[in-house]
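Colleague: There's a structure below that I have some questions on.
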Amino acid sequence: MARAKLKNSPSESNAHVKTVPAGTTEDVHGVSPLLPSRRMGSMGSDVGQRPHAEDFSVDSSFSQVQVEFYVNENTFKERLKLFFIKNQRSSLRIRLFNFSLKLLTCLLYIVRVLLDNPEEGIGCWECEKQNYTAFNQSTNINWSHIFWVDRKTPLWAVQVSIALISFLETMLLTYLSYKGNIWEQIFRISFILEMINTVPFIITIFWPPLRNLFIPVFLNCWLAKYALENMINDLHRAIQRTQSAMFNQVLILICTLLCLVFTGTCGIQHLERAGEKLSLFKSFYFCIVTFSTVGYGDVTPKIWPSQLLVVIMICVALVVLPLQFEELVYLWMERQKSGGNYSRHRAQTEKHVVLCVSSLKIDLLMDFLNEFYAHPRLQDYYVVILCPTEMDIQVRRVLQIPLWSQRVIYLQGSALKDQDLMRAKMDNGEACFILSSRNEVDRTAADHQTILRAWAVKDFAPNCPLYVQILKPENKFHVKFADHVVCEEECKYAMLALNCVCPATSTLITLLVHTSRGQEGQESPEQWQRMYGRCSGNEVYHIRMGDSKFFMEYEGKSFTYAAFHAHKKYGVCLIGIRREENKSILLNPGPRHIMAASDTCFYINITKEENSAFIFKQEEKQKKKGFAGSYDGPSRLPVHSIIASMGTVAMDLQNTECRPANSSKLALPAENGSGTRRPSIAPVLELADTSSLLPCDLLSDQSEDEMTQSDEEGSAVLEYVKGYPPNSPYIGSSPTLCHLLPEKAPFCCLRLDKGCKHNSFEDAKAYGFKNKLIIVSAETAGNGLYNFIVPLRAYYRSRKELNPIVLLLDNKPEHHFLEAICCFPMVYYMEGTIDNLDSLLQCGIIYADNLVVVDKESTMSAEEDYMADAKTIVNVQTMFRLFPSLSIITELTHPSNMRFMQFRAKDSYSLALSKLEKRERENGSNLAFMFRLPFAAGRVFSISMLDTLLYQSFVKDYMITITRLLLGLDTTPGSGYLCAMKITEDDLWIRTYGRLFQKLCSSSAEIPIGIYRTESHMFATSEPHDIRAQSQISINVEDCEDTKDVKEHWGIKTGHHRNSCSSDQSEHPLLRRKSMQWARRLSRKGNKHSSKTAEWISQQRLSLYRRSERQELSELVKNRMKHLGLPTTGYDEMNDHQNTLSYVLINPPPDTRLELNDIVYLIRSDPLAHVANDGHSRKSSCSNKLGSGNPETRDETQL
């Protein structure tokens, strides 16, 4: 408590001087025990405590002066003020006592009214009583009925005692609160009311005839209201808790209403003694009817004094009550803006999580709520949102929906204030999610805010689990203490990098981290949409092997054996394990890992095993034997159907005759039409056999690469070494073994478009790269770009397949970034933008296979949020028109804008997809955007799609780890990595995905997890040129069907890949059956109608017009290339992928047919996990693996 410091007067100073004799043994630095308790507690300081002897003593003897501080509080007035006003607890007791006195006086007034009987006589005390006369309209008012009452002596004595106490207390408080203006104290309403209700009672002590005088004691109700307000304030101060202003205002309003009603009831009842005698109840009834504006009129005041009182009371009510209601409404509106409190009782009896954000947008809110409440066990949780900004209108509208209004609480406040954290009951929360504002132009500043929020929450509630989202990788180590951290730029760049070598990795990861039942698109007429939507319901789950029906029978077997047979029997894809003694998760640890009952298995399936029902379909002879052998044999036929309904999967398992365990060949079915037998797929062994497996040692492939290459190529290969990057651009990056240069490249050599003293190359063509380029367009060279380079230079990628990387940057990179990338081979940068054609041509876009367009921070400042992607979308659309063969991977800020990628205004198929998206959103799907063709093909990506990764970690704490392993951000020893392989025409003899699973597990111990499929598709448009092209293709298909020469038509074997895509535009695959029927009708009608000729001419004109537009774009590009001195031979303007659609199938059923150009996602085991002891064993195992086939490089999967 702050106390006023008073200057000491000379008398006071002399009163506290203590002289110490020279010969005393008392320490001059000590404190005398005789000093009052309020003196300075520490007198040991040398400063001001050791005066010189000649300053204080005339006789040169040493003396010490003790000064007592705060002497003003030792006065009697100050002590009374401290007790009555300043001290919260004592002041609270005084006001509680005063409040009780006022209520008691009101109660005594009611008792006096009930005991009063005017018919016994009216007059002063011990005077002659007057007879009571009834009221008559013709007579005057008898004022004696109003001035005098019948007050019993005991009642008078009690009222006088209370009046004396109240008077003394009022005078004392007035004296203590006096501040120099006496009139301010006297003219206070509370002081006037006290004088009216106490002074007359005190006068009756000295003048007994006035004991029956009427005194308006009922006015004490207003004093009781005033005391109650002060008591509530003191209560809050005493218990150190601030009640909401809403509670105080409601209390004031209720007290005001009660005081008005009580005052009106008592006043009218007393005045009506001179009129029609009204009881207290009837007066109360009249006041309620009047104040409620009902006004029945059955009870009315008869004399003008009571009527005047009613007018006064109504006027007071019209003034006071609207003010009170206005204040209440204002506080209610403010409370709606800032939110209320999450009560301590609810926090202790219910479970809740806190979501801390700097600004809450509707998209972020709905993503969080849909993903969080998608899990059944989280249905009873509450979400408390803590946001410093006012609630958005759209957010308010959503939170008023009954589905969310009962479970979501919005609080306006800051995570840096303990008071707001207390409102959110952070210390009782199950978790705290802290999300960064990615819409900020300065993402570093947004990260700094996130870091401070995380620190504040950890300081306030150290036991609350933290889930933090950070934007910049260099800021990640500041929140390393959090339980789960997702770095946006790390995941973004690693995912975009994998998209270049494993197509649609972004779509694969996004579907895995979203919660879905796999029911999207099941009502669509398109087969690919039904299959794609069904497979999108696959997620990652975990279970202990000893408790699992899926995997318990494979205890003691190899991981590869368990993975294959679990997929064959149940349709689940086992991707990794975690040992009980080791907390590290291993993806595909390989066949040498032996499964134990204590292992935690991680698998991909439609739903988790606990929600699955097992239905066995057996033949009659197997039914007779019972279900004893259901799980015994490891070789059952594949699962034929996985049906997800209400969270439960029903699996139909068919049992047939078991093949011998030692069988090494599988005969092709007889219906293939061939009498010859092809080599069958080897069985997957229960335990690892090193002679039948490809040795997992890529460190030794350098010599073999040298043997298979020419001398010129070999010299280039010798320049690469494997090791860890020497310079990391930020703290906390995971070390990864990479292909490196023996010596760091000079910074001048990293510039692609400018020559230097080391080389004279000034464009991509001059370098003579063997592989296609990967171009990355970014605004600045942030540290996140480092995570784009590392996965593409990882040690497990073949050196012959390394793609040159060109960074097209708007701004010049900083020195520390160049220092980090100068050790990687074939990494260059160039200053330029994607909206400049010259920059694109100089960086070698015509020699590029992939162009990655990264979202720019400068576009975040758009006035309309969703316009942040406008520039990126238009630029990408321009490149799509100029370079149609280029695969462009674009990052957008808002997922809803992906519908504008590769936009076709007159494409009816895109309109149908738009309607499908709206229908899926109405059905409550969290993946309504999944059917958009750019997303399904992996050509567009938004980092906000990965927000669900952080939300899922609350239920699945392993999801972040598994995602980082798949993206190559973390390299746990013994854990595999994600890669891809392409199905060629020679591989179609395997026929099904289940047989491919067996082939990969038995030969190279690789685990397939999905398929990236590309199909030809004619997009029906309203333009005649497109209709003509589609009809011609359909007629050709009809002709092909009529000649029955399916195998030889198009020059490819179409029997195995009905919907596959070919790179040659002259080779068109077969279309669907409906297209064939429509083509027949069109071909038959073509000869009957002569008007078709005119229509054909018109279509040719439009075709020429479109061709001229294409040629105009081509000439533009070639002219710019000539102006820059670049050769135009590499520009191919006719190669176009607009007639294909691609999609991802995660963990498809084993009986899924393989098609040409399918790309299979694989989890390949760690090459460094088990290095062979000597080169002889490696060569023998390689020869056994390849068999009679030609040897190829180790990075390719042999089928």
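The values are calculated or read from the model by the stated rules, or taken from the named source; none is laboratory data. Nothing here was measured: the structure is a model prediction, and the numbers come from that model. Virtual Cβ from ideal backbone geometry, glycine too; neighbours counted across all protein chains shown. Remember, those area values only see protein heavy atoms, side chains included, never the ligands or the DNA or RNA. Shrake-Rupley method; radii C 1.70, N 1.55, O 1.52, S 1.80 Å.
Colleague: Just to be sure, is VAL441 over 30 Å from ARG921 (Cα atoms), touching a residue at least 24 places away in the same chain (Cβ under 8 Å) and touching a helix residue (DSSP H, G or I) at 6+ places or on another chain (Cβ under 7 Å)?
Modeller: yes
Colleague: Against the condition more than 16 Å from ALA928 (Cβ to Cβ) and assigned to a helix (DSSP H, G or I), how does GLY556 come out, does it pass?
Modeller: Spelling it out, it is not the case that GLY556 is more than 16 Å from ALA928 (Cβ to Cβ) and assigned to a helix (DSSP H, G or I).
Colleague: For region 559-570, check the following and say yes or no: at least one residue is among the basic types (Lys, Arg), in contact (Cβ under 8 Å) with a residue 40 or more places away in the chain, surrounded by fewer than 24 Cβ atoms within 10 Å (Cβ to Cβ) and in a loop (DSSP other than H, G, I, E, B).
Modeller: Looking through region 559-570, none of the residues is among the basic types (Lys, Arg), in contact (Cβ under 8 Å) with a residue 40 or more places away in the chain, surrounded by fewer than 24 Cβ atoms within 10 Å (Cβ to Cβ) and in a loop (DSSP other than H, G, I, E, B).
Colleague: Given the criteria touching a Lys or Arg at 6+ places or on another chain (Cβ under 8 Å) and either at positive phi or open to solvent by 10 Å² or more (accessible area, probe 1.4 Å) (or both), does ASN582 qualify? Outline the logic, then answer.
Modeller: Values: touching a Lys or Arg at 6+ places or on another chain (Cβ under 8 Å): no; either at positive phi or open to solvent by 10 Å² or more (accessible area, probe 1.4 Å) (or both): yes.
Against the criterion (touching a Lys or Arg at 6+ places or on another chain (Cβ under 8 Å) and either at positive phi or open to solvent by 10 Å² or more (accessible area, probe 1.4 Å) (or both)), ASN582 does not qualify.
Table: residues versus (1) more than 46 Å from the chain's Cα centre (by Cα); (2) assigned to a loop (DSSP other than H, G, I, E, B); (3) modelled with pLDDT of 70 or more; (4) of a type outside the set (Lys, Arg).
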| position | (1), (2), (3), (4) |
| --- | --- |
| SER1098 | yes, no, yes, yes |
| ARG1106 | yes, no, no, no |
| LYS1118 | yes, no, yes, no |
| PRO1148 | no, yes, yes, yes |
| ALA1169 | no, yes, no, yes |
| LYS1185 | yes, no, no, no |
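Colleague: Let me ask another. Looking at region 322-337 only, could you name the residues that are at pLDDT 85 or above and open to solvent by less than 70 Å² (accessible area, probe 1.4 Å)?
Modeller: PRO322
Colleague: Tell me yes or no: at least one residue of region 537-555 is among the small types (Gly, Ala, Ser), touching a strand residue (DSSP E or B) at 6+ places or on another chain (Cβ under 6 Å) and more than 30 Å from LYS492 (Cα to Cα).
Modeller: So far as region 537-555 goes, no, none of its residues is among the small types (Gly, Ala, Ser), touching a strand residue (DSSP E or B) at 6+ places or on another chain (Cβ under 6 Å) and more than 30 Å from LYS492 (Cα to Cα).
Colleague: To continue, here is another question. Quick one: in region 869-896, of everything that is farther than 23 Å from THR1014 by Cβ and aliphatic (A, V, I, L, M), which residue is surrounded by the most Cβ atoms within 10 Å (Cβ to Cβ)?
Modeller: Taking the candidates together, the pick is ILE873.
Colleague: Evaluate the following for GLU184: is it of a type in the set (Asp, Glu), within 60 Å of the chain's Cα centre (by Cα) and either modelled with pLDDT under 85 or part of a helix (DSSP H, G or I) (or both)?
Modeller: yes
Colleague: Taking region 941-974, which residues are of a type in the set (S, T, N, Q), open to solvent by less than 10 Å² (accessible area, probe 1.4 Å) and at pLDDT 90 or above? First the steps, then the outcome.
Modeller: Start the filter on region 941-974 by keeping residues that are of a type in the set (S, T, N, Q), which leaves 942, 944, 948, 952-953, 961, 963, 971-972.
With open to solvent by less than 10 Å² (accessible area, probe 1.4 Å) added as a condition, the list becomes 942, 948, 952-953, 963.
Residues satisfying the conditions are SER953, THR963.
Colleague: Here's another thing I want to ask about it. With at pLDDT below 85, more than 20 Å from ALA224 (Cβ to Cβ) and open to solvent by less than 20 Å² (accessible area, probe 1.4 Å) as the only criterion, which of GLY275, GLY297 stands out?
Modeller: Exactly one residue qualifies, and that residue is GLY275.
Colleague: Name the residues in region 187-203 that are over 59 Å from the mean Cα position of the chain (by Cα) and either open to solvent by 60 Å² or more (accessible area, probe 1.4 Å) or at positive phi (or both), would you?
Modeller: PHE187, ILE192, ILE196, ILE203
Colleague: OK, next. Can you find a residue in region 477-499 that is out of contact with any helix residue (DSSP H, G or I) (no Cβ under 7 Å at 6 or more places or on another chain) and crowded, with 20+ Cβ neighbours inside 10 Å?
Modeller: Looking for residues that are out of contact with any helix residue (DSSP H, G or I) (no Cβ under 7 Å at 6 or more places or on another chain) and crowded, with 20+ Cβ neighbours inside 10 Å, one finds none in region 477-499, hence no.
Colleague: How about region 533-545: which of its residues are assigned to a helix (DSSP H, G or I) and open to solvent by less than 30 Å² (accessible area, probe 1.4 Å)?
Modeller: Across region 533-545, the qualifying residues are GLY533, CYS535, MET545.
Colleague: Does region 975-996 hold any residues that are open to solvent by less than 10 Å² (accessible area, probe 1.4 Å) and in contact with a Phe, Trp or Tyr (Cβ under 6 Å, 6 or more places away or on another chain), and which are they?
Modeller: Of everything in region 975-996, nothing turns out to be open to solvent by less than 10 Å² (accessible area, probe 1.4 Å) and in contact with a Phe, Trp or Tyr (Cβ under 6 Å, 6 or more places away or on another chain).
Colleague: Does ASN428 qualify as being open to solvent by less than 70 Å² (accessible area, probe 1.4 Å) and either within 19 Å of LYS351 (Cβ to Cβ) or free of Cβ contacts under 8 Å to residues at least 12 places away in the same chain (or both)?
Modeller: yes
Colleague: Hey, another quick one. Report yes if some residue within region 911-923 is on the phi < 0 side of the Ramachandran plot, among the hydroxyl-bearing types (Ser, Thr, Tyr) and in contact (Cβ under 8 Å) with a residue 40 or more places away in the chain; otherwise report no. Walk me through it before giving the result.
Modeller: Narrowing region 911-923 to residues on the phi < 0 side of the Ramachandran plot: 911-923.
From the residues that got through so far, the ones that are among the hydroxyl-bearing types (Ser, Thr, Tyr) too are 914.
Okay, now just the ones that are also in contact (Cβ under 8 Å) with a residue 40 or more places away in the chain, so none.
The answer is no, given that none of the residues of region 911-923 is on the phi < 0 side of the Ramachandran plot, among the hydroxyl-bearing types (Ser, Thr, Tyr) and in contact (Cβ under 8 Å) with a residue 40 or more places away in the chain.
Colleague: A further question on this structure: Here are some conditions: (1) assigned to a helix (DSSP H, G or I); (2) open to solvent by 100 Å² or more (accessible area, probe 1.4 Å). MET313 meets all but one. Which one does it not meet?
Modeller: For MET313, the failing item is (2).
Colleague: Conditions: (1) closer than 30 Å to LYS608 by Cα; (2) of a type outside the set (A, V, I, L, M); (3) open to solvent by 40 Å² or more (accessible area, probe 1.4 Å). LYS417 meets all but one. Number of the miss?
Modeller: (1)
Colleague: Can you name every residue in region 823-847 that is part of a loop (DSSP other than H, G, I, E, B) and either crowded, with 19+ Cβ neighbours inside 10 Å or hydroxyl-bearing (Ser, Thr, Tyr) (or both)?
Modeller: CYS823, PHE824, PRO825, MET826, GLY832, THR833, ILE834, CYS843, GLY844
Colleague: Now for a different question. Do you know which of the residues in region 370-390 that are surrounded by fewer than 20 Cβ atoms within 10 Å (Cβ to Cβ) and of a type in the set (A, V, I, L, M, F, W, C) is farthest from TYR467 (Cα to Cα)?
Modeller: Step by step, filter region 370-390, then rank; the result is ALA374.
Conditions (1) farther than 23 Å from ASN803 by Cβ; (2) out of contact with any Gly (no Cβ under 7 Å at 6 or more places or on another chain); (3) assigned to a loop (DSSP other than H, G, I, E, B); (4) at pLDDT 50 or above, marked per residue:
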| residue | (1), (2), (3), (4) |
| --- | --- |
| ASP697 | yes, yes, yes, no |
| GLU712 | no, yes, no, no |
| SER715 | no, yes, no, no |
| ASN727 | no, yes, yes, yes |
| ASP753 | no, yes, yes, yes |
| LYS757 | yes, yes, yes, yes |
